[in-house]
Structures are given as C-alpha cells and as structure tokens.
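Enquirer: One structure, as structure tokens, below. Some questions next.
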Amino acid sequence: MLSEFAQVQRKLNFLCKERSSLLDTLRQLEAANIDAEAPGINDNEYQLSKNEYSSLERSKYSECSTTESSDDTEKQDVEEASDEEESCYYDSKDFFTESPSHLIGSGMDTKGQGADVKDAWPKEAPNEALCSHIERRIKLPDPVEKEKPVSLWSMIKDNVGKDLTRVCLPVYFNEPISSLQKCCEDLEYSYLLDRAYEYGKAGDSLMRIVNVAAFAVSGYASTEGRLCKPFNPLLGETYEADFPEKGIRFFSEKVSHHPTLIACHCEGRGWKFWADSNLKTSFWGQTIQLDPVGVLTLEFDDGEIFQWSKVTTSIHNLILGKIYCDHHGMMHIRGNRQYSCNLKFKGQTFLDRNPRQVQGCVEDGVGSRVATVFGTWDDSIYYHKGDGKNKRKDTSSSDNASLVWRRTKHTPNLTRYNLTPFAITLNELTPGLKVDEQLPPTDSRLRPDQRHLENGEYEMANAEKLRLETRQRMSRKLQEDGWRPRWFDREGEDGPYHYKGGYWEAKDKGNWDGCPNIFGEIVEASDNFTEE
C-alpha cells in the first residue's frame, strides 16, 4: 500500500508541475496581448485651450464620454511587444515598502530620498484640527427587523439587455444612500485638491496635475465590496454636505428625470468642482455594465481648469461565483494650460495576479511625457518623473517613485452594504440638522424609504418605496409641462448644468420657498396631481 501511495504521489507532483507551467505560459501570453497605451484623445473633444476660460461662465464643455471598452483594447493578436511599446502594470504592494505616515503625500519617496519637489505639503490641511470637535457616527443603526434575502436573478431574468434604471427592484437591493449622496463620495479625499492648489501656488504645475490624477482615481476606492445600488432620486430631490473639517461644501440635485441627470457643485480650499452626469445601465446575464456619460470639471482659483470623464464599471458573477466590481477603460484628464494626463484602468481577467491596476502618463503641451502615474484604484497611486521609456525590470527598485495617495484603512463594515466610514456619515441627521427649517423638504436625508432601510425597517421601506415610485412615474409629465431645477441652470438646450447660487443663503435664513414637498402624499386628478 505504501508503495502504491508513493507512486500516486509522484504522479500528482508531476501533474502539479505541469499545471503550474501551463499557468505561467498562459500568463505570459496574456501579458503579451496587453495593448500599448492608447494615445490621448483629440483635444477638440474638450473645449479647453491654452490660456483660455479663466472663469466658470466663459467655458463650454463637451458631455461626451471618453470611456473606451476594455473588450476593444484586448482584441489584439498575441505578439512579442518591444520594451518601448508594451504597457507594463505594476503592483505597488510588491515592490514598495510601507511608507511612514509622516511621508505619505509628501515629496519624499518610499526610501526617504527626495523626489525633486519644491515643498512637502501635509496630507491634511492644518486648520482641520480646529474642527476636531465635530462628532460623526461610526456605524449604522442596529436593524429593527431581520432581513429576508431575495433572489436577484428572479427579479431581473426577464430584463436581459435592458436598462436596469427602469426596472423596479425591492428595497433589499438598495444601500441606504441615494445617487445624490454617492456623488459626494468622490470628495472623500478632497485633501488631494487642497494639496494640488498649494502646489500650483508654488509654481509646480506638474505636481498639481499629479495630485488631480490621484484624486480622479481615489473616487473609485469606495466601490470595493459595494454590491447594492443607491436609491434613484426623485425629480427635484437634493442633498447637501457640509464638512468644515475637510473645508468643503457640497450640493447636488436631480435636474432631469428623462434622461436621468444629476448635477453637483462643491467648493473647497482654493478650488471648485462640478459635474452633471448620466448613467447608462445594461444587464447581460452574468454582468451589469454601467457606462457614465458626462464631464467632471475642476477649477482652481487661479483659473486653471481640468476636465475628465469616468470609466466603465462592470459588476460580474451575478448568478454564479463571487460577485465583484471592476473598472476599466481610458480616463483623459485635460487641462487648459501646460499639462494633461491619460490613465488606463486595466480590466480584470481570469488569470490576472495583480488586478485593479491603473497606469498612465502626464504630457506637456507638445505631447511629450514628463511623468508616469501608476498604482491600483483600490489602494494607492505613485508617480515618478521622466519620460517613462526605461521600463522597470527590477521590481525591487523604487526608481524615485513617490506615494501620492493611499486609501484610508478602516475596520470591516459589519453590514452587508460595506459602506466606508465616510459614506456612513452621509445620511446622518446630526442634531443641528434636526432643527426646523435646517433642511429643505427635498433633501435625501428626509426620504422615508431610505431612512426606513437604514433603520432596518424593511417592510415599511418597501411600502414607502412603492409609493414614491408611483410618484416618480409622474415626474416625466412634470418635466414635459415645463418643470425647471431649483438650484441649477442649464447652459443652452443641451449644455452642462451650473449651480446658480442661493442655496446656502436660503439655509441661513431657513427660507425654502419654491421647494416642493416631494416625499409627501399625492392626489391624482384630471391628468395632474397635487401635493397634500
């Protein structure tokens, strides 16, 4: 018996070695099939040019999405790529040691050597300590009821190929925040824009766009493990977020129901950020694909403007396997002055040992590479200066690479929503906001179905969701009858939306005239409906 077992063991060892060799070969073939970095898009697609558009009102912006499908970029024939042409993706965890906390975000590389920057800006602005007394919640309320799982496939099996924004799903598939609040999650690492503003003031335009690029990537970090959809806002629904400890004030509104458009505006320390976006959703059996449409705009107080569009998001393994989220495509960050940046989000593949990779380059006005940016969208972003022609072969060498951004680590969330600590605070009704007239009747935090879901009152949440969806179906008629957003104006018939002001002033006065009670009961009569 021992002899027979030994013979079987030898055969198993041989098969394991063959399998390992086969996997290595497949990985090499896959690496050879990775396409070269896509060239930057034509600057005419973004209506920004050098030394122009020094103010918000004088600019016009394209709404076209610059996202490229990873399916198109992965269809090249397998061939030997030269060192000059191949796109290399690195896992920063493999060849960078953990930086000391006092070096994160500074001008020092991970080995403690200077990275040729003028000054080392702090990770957070100094006056944030002045707001340390603000207490925000660290967890969601304990659920009142026990949740009953629902089969996603039973809900959407008849909607393959359709836009899921038009499919009514039970509240079980929602997370307790709205799309208006989810837009605010992009501002979690707003200190990167504070730092970019300071670099620009010091005359270091290269480090400014490097930090802007890191900010554009950091907005995806909160999507890891987030498998529930946010609530679709009602027409006219709004959301405000005031974070004095971060130095930002954020406001968003659903400005159109068909097509669905959300406009947002944020003011920070020396910069303004705004966007209006639409999300096209497609269901393809095992995968849901989310294609964003719209342009995000960032303007610093000195007149420098950057614009970019988000990449495609896919949610895989809806029926079989472990569900996971992936982002893929090209992100082109265009500026109206010296520099621009192209970032590629590499789509995850079956044999990929280092998923979630992002790599790109910073180009000057004549198209020459001046810096390389790389890392992962769920963890960290690094950069090093130079044209990037000498590809890294020794992964143990830092090669003057410096850390720009690292995701804030936190304890695992105890709920299935996997909200980040920042996201947990977005739907909180703090004591100050509970005072009468502190919030308009359109604010997402007053939405009953969303509040019931957060409290774990699932039966009431479902009942309220059905009631509000009936009201939502009437929104298209409202829009056709000449409805206009309360806080945003549109530039032309098809242009972008801009915040027209007045919200924070109305909040100070507690005057919400013109803000309808969109979450109240409705009575339908003679093709019109009124509020009770």
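Enquirer: Checking the conditions here, which among 439, 426, 446 is open to solvent by 70 Å² or more (accessible area, probe 1.4 Å), at pLDDT 90 or above and closer than 21 Å to residue 243 by Cβ?
Expert: Answer to the check: 446.
Enquirer: While we're on this one: Say we look at segment 494-514 and pick out the residues that are closer than 19 Å to residue 257 by Cβ and in a loop (DSSP other than H, G, I, E, B); which of these is nearest to the chain's Cα centre (by Cα)?
Expert: Result: 496.
Enquirer: Out of curiosity, is residue 473 at pLDDT 85 or above, of a type in the set (Lys, Arg), within 23 Å of residue 278 (Cα to Cα) and surrounded by fewer than 19 Cβ atoms within 10 Å (Cβ to Cβ)?
Expert: When the stated conditions are applied, residue 473 does not pass them.
Enquirer: A further question on this structure: Output the number of residues of segment 449-462 satisfying the condition of being open to solvent by less than 10 Å² (accessible area, probe 1.4 Å) and assigned to a loop (DSSP other than H, G, I, E, B).
Expert: 1
Enquirer: Also, quick follow-up: So, in segment 405-422, of the ones that are outside any loop (DSSP other than H, G, I, E, B) and within 17 Å of residue 136 (Cβ to Cβ), which residue ends up most open to solvent (accessible area, probe 1.4 Å)?
Expert: The selected residue is 421.
Enquirer: Just checking, how many residues over segment 435-479 are under 29 Å from the mean Cα position of the chain (by Cα), closer than 22 Å to residue 257 by Cβ and among the hydroxyl-bearing types (Ser, Thr, Tyr)?
Expert: Result for segment 435-479: 3.
Enquirer: While we're here: Taking residue 395, is it open to solvent by 30 Å² or more (accessible area, probe 1.4 Å), within 25 Å of the chain's Cα centre (by Cα) and at pLDDT below 85?
Expert: Criteria not met by residue 395.
Enquirer: For segment 357-381, what are the residues that are within 16 Å of residue 215 (Cα to Cα) and either surrounded by fewer than 17 Cβ atoms within 10 Å (Cβ to Cβ) or not polar (S, T, N, Q) (or both)?
Expert: 358, 360, 361, 362, 373, 374, 375, 377, 378, 379, 381
Enquirer: Does residue 496 meet the test of being surrounded by 16 or more Cβ atoms within 10 Å (Cβ to Cβ) and more than 30 Å from residue 414 (Cα to Cα)?
Expert: Yes, satisfied.
Enquirer: Okay, next question. Regarding residue 247, is this residue at pLDDT 95 or above and at positive phi?
Expert: yes
Enquirer: Let me ask you something else. Based on this model, can you work out whether residue 276 counts as acidic (Asp, Glu), buried (at least 20 other Cβ atoms within 10 Å of the Cβ) and out of contact with any Lys or Arg (no Cβ under 8 Å at 6 or more places or on another chain)?
Expert: Taking the combined requirement at face value, the residue satisfies it.
Enquirer: Return the total of residues in segment 192-233 being under 24 Å from residue 376 (Cβ atoms) and among the polar types (S, T, N, Q).
Expert: 4
Yes/no matrix, rows are residues, columns are (1) assigned to a strand (DSSP E or B); (2) touching a Gly at 6+ places or on another chain (Cβ under 6 Å); (3) surrounded by fewer than 22 Cβ atoms within 10 Å (Cβ to Cβ); (4) in contact (Cβ under 8 Å) with a residue 12 or more places away in the chain:
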{"residue": "233", "(1), (2), (3), (4)": "no, no, no, yes"}
{"residue": "245", "(1), (2), (3), (4)": "no, no, yes, yes"}
{"residue": "253", "(1), (2), (3), (4)": "yes, no, no, yes"}
{"residue": "269", "(1), (2), (3), (4)": "no, yes, yes, yes"}
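Enquirer: Do you know which of the residues in segment 499-532 that are of a type in the set (Val, Ile, Thr) and open to solvent by less than 50 Å² (accessible area, probe 1.4 Å) is modelled with the highest pLDDT?
Expert: So the residue we want is 518.
Enquirer: Of the residues that sit in segment 476-493 and are in a loop (DSSP other than H, G, I, E, B) and at pLDDT 85 or above, which one is most open to solvent (accessible area, probe 1.4 Å)?
Expert: Step by step, filter segment 476-493, then rank; the result is 484.
The values are calculated or read from the model by the stated rules, or taken from the named source; none is laboratory data. Fair warning: this is a prediction, and the values are worked out from it, not measured in the lab. We place every Cβ from the backbone using ideal geometry, glycine too, and count neighbours over all the protein chains shown. Just the protein is used for accessible areas: all its heavy atoms, side chains included, with ligands, DNA and RNA removed. Shrake-Rupley method; radii C 1.70, N 1.55, O 1.52, S 1.80 Å.
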